[in-house]
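Accompanying notes for the structure given below.
The values are calculated or read from the model by the stated rules, or taken from the named source; none is laboratory data. Note that the structure is a prediction, hence the values are computed from the model and not measured. Don't worry about glycine lacking a Cβ; one is built from the backbone with ideal geometry, like all the others, and counts go over all protein chains shown.
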Amino acid sequence: MSGSIWVLAEHWRGQLSESTYELLALGREIADGLGVELQAVLLGHGAADLAKGLGKANSVLSVDHSSLCEPVPEACAAALVQLIKERRPRSVLVPLTNISMGVGTLVSTAVKVPAANFCRDVRVVDGGLQATCVLYGGKIEATVTMGAECSILGIWPGARAAENGRSDVVPPVEPVTVSLPEAPRVRFKRYIEPEAGDVDITQQDTLVAVGRGMQGQANLALAEELAEVLGGAVCGSRPVIDQGWLPLSRQVGKSGVSVKPKLYLAAGISGAPEHVEGMKNAALIIAVNTDPRAPIFNVAHYGILADALEVLPALTEAVRGKKG
Ligand SMILES: Cc1cc2nc3c(=O)[nH]c(=O)nc-3n(C[C@H](O)[C@H](O)[C@H](O)COP(=O)(O)OP(=O)(O)OC[C@H]3O[C@@H](n4cnc5c(N)ncnc54)[C@H](O)[C@@H]3O)c2cc1C
């Protein structure tokens, strides 16, 4: 439908992603603010059933093509380009995740429409769209006003609560055909699984995060003990992973994963923008650092100015005492 807001519905291994629901919540707000319809675009192969979960949208455009069996950005972009040229939506919201990163920019250059990337928020202001974009790993925040023409908006995870994008309503689905090359230049090769038996830190409610301030690998036992009594897991900053103290699957930040636990206890972590990018959405952040000017204190809800090697065992004892 011309002039409507579109959300690219992202899915992986038979499930819609949390980012999809976040974008549906945001898209609903924008569409209602503009008085237009919200449509979800579902690209895949044998994935049409997933449309049932997209009821927050007024309708779903469903494309089934063998080149879309894996989420390859070039193929997804080519399909979106055809749909946009035919139907001219007002704006297309694309999740900025490992799965969909890059789709928006490819589409924007192919259709020659403006794009705002790294959006933390998008609001309707005076009948137009205003995006808040986070640049340079969070050092700069830019407010971008989009014109009335079609635009592409790349949205960071966490822009809205995923719960607000879920609905029991089954939306009407329109199957749409696109022509794509059967053998695209870029092919999905394999998904690198987390190391066997390792925990998925994105799913933990409690994380004890360690940084270079922990001084050495042997001291990580202090963090493991605390994580164990709290029922959580240990993760780390990049230098900790680079030095082999923890596996890559435990790295939080720009080149690791983004986490959103209920509690994030950062021990001996300075709070560089590349790290903060991956943990700033935690519900409660507690930082332990010996440097009062450490930037981690700017994002922490509580700060402990002390030696982490003393604080962690004391916390472990205190929690044990409470439990016991
Ligand atoms: C492109 C790019 C991508 C990157 N991606 C990531 C990423 O994904 N994740 C990431 O974490 N980093 C990433 N980085 C690196 C990032 O810039 C920082 O270098 C890194 O986060 C610093 O890690 P740290 O805080 O553990 O170490 P440091 O910066 O060395 O900080 C150690 C902190 O420990 C404190 N300290 C020292 N001793 C103690 C003690 N006994 N008790 C308490 N506190 C103590 C110090 O005061 C200091 O604040 C990236 C960098 C680039 C350029």
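One line per residue, one yes/no per condition, for (1) assigned by TED's automatic domain parsing to the domain that holds Ala79; (2) within 21 Å of the chain's Cα centre (by Cα); (3) hydrophobic (A, V, I, L, M, F, W, C):
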{"residue": "Ser108", "(1), (2), (3)": "yes, yes, no"}
{"residue": "Phe118", "(1), (2), (3)": "yes, yes, yes"}
{"residue": "Val124", "(1), (2), (3)": "yes, no, yes"}
{"residue": "Val134", "(1), (2), (3)": "yes, yes, yes"}
{"residue": "Ile140", "(1), (2), (3)": "yes, yes, yes"}
Can you say whether Glu29 is surrounded by 24 or more Cβ atoms within 10 Å (Cβ to Cβ), outside any loop (DSSP other than H, G, I, E, B) and charged (D, E, K, R), as far as the supplied structure shows? no
Name the pairs whose Cβ atoms lie under 7 Å apart, with the first residue in the stretch 82-106 and at positive phi and of a type in the set (Lys, Arg), the second surrounded by fewer than 18 Cβ atoms within 10 Å (Cβ to Cβ) and at pLDDT below 95, and 6 or more positions between them or separate chains? Arg88/Ser2
Criterion first (part of a helix (DSSP H, G or I) and either surrounded by fewer than 23 Cβ atoms within 10 Å (Cβ to Cβ) or modelled with pLDDT under 95 (or both)) does Glu74 satisfy it? yes
Given the structure, is Ala227 more than 9 Å from the ligand (Cβ to nearest atom), modelled with pLDDT of 95 or more, under 19 Å from Glu310 (Cβ atoms) and buried (at least 22 other Cβ atoms within 10 Å of the Cβ)? yes
Okay, strands (runs of 3 or more DSSP E) sitting entirely in the stretch 218-321 with 2 or more residues that are under 21 Å from the mean Cα position of the chain (by Cα), I get 233-236, 263-267, 284-289
Residue check: is Ile155 under 30 Å from Asn289 (Cβ atoms), buried (at least 19 other Cβ atoms within 10 Å of the Cβ) and in contact with a Cys (Cβ under 7 Å, 6 or more places away or on another chain)? no
Out of the residues in the stretch 129-145 that are assigned to a strand (DSSP E or B), modelled with pLDDT under 95 and farther than 16 Å from Leu96 by Cα, state the one that is farthest from the ligand (Cβ to nearest atom). Glu141
Here is a list of conditions, (1) within 9 Å of the ligand (Cβ to nearest atom); (2) crowded, with 19+ Cβ neighbours inside 10 Å; (3) under 21 Å from Leu315 (Cα atoms); (4) among the β-branched types (Val, Ile, Thr), and Val240 meets all of them except one; can you say which number that is? (3)
What number of residues in the stretch 133-175 are of a type in the set (S, T, N, Q) and touching a residue at least 60 places away in the same chain (Cβ under 8 Å)? 3
Suppose the filter is free of Cβ contacts under 8 Å to residues at least 24 places away in the same chain and crowded, with 22+ Cβ neighbours inside 10 Å; does Ile285 pass it? yes
When the residues of the stretch 167-217 are filtered to those that are touching a strand residue (DSSP E or B) at 6+ places or on another chain (Cβ under 8 Å), outside any loop (DSSP other than H, G, I, E, B) and more than 16 Å from the ligand (Cβ to nearest atom), which remaining residue is nearest to Leu50 (Cα to Cα)? Val173
Go through (1) touching an Asp or Glu at 6+ places or on another chain (Cβ under 8 Å); (2) at pLDDT below 95; (3) aliphatic (A, V, I, L, M) and name the single condition Leu263 misses. (2)
Output the residues belonging to the stretch 1-44 that are more than 14 Å from Ala162 (Cα to Cα) and among the charged types (D, E, K, R). Arg13, Asp32, Glu37
Here is a list: Pro175, Pro157. Which entry is at pLDDT 95 or above and not hydrophobic (A, V, I, L, M, F, W, C)? Pro175
Checking Val257, Val276, Val311, Val252 in turn, the sole residue that is more than 25 Å from Ile99 (Cα to Cα), within 13 Å of the ligand (Cβ to nearest atom), in contact (Cβ under 8 Å) with a residue 12 or more places away in the chain and of a type in the set (Val, Ile, Thr) turns out to be Val311
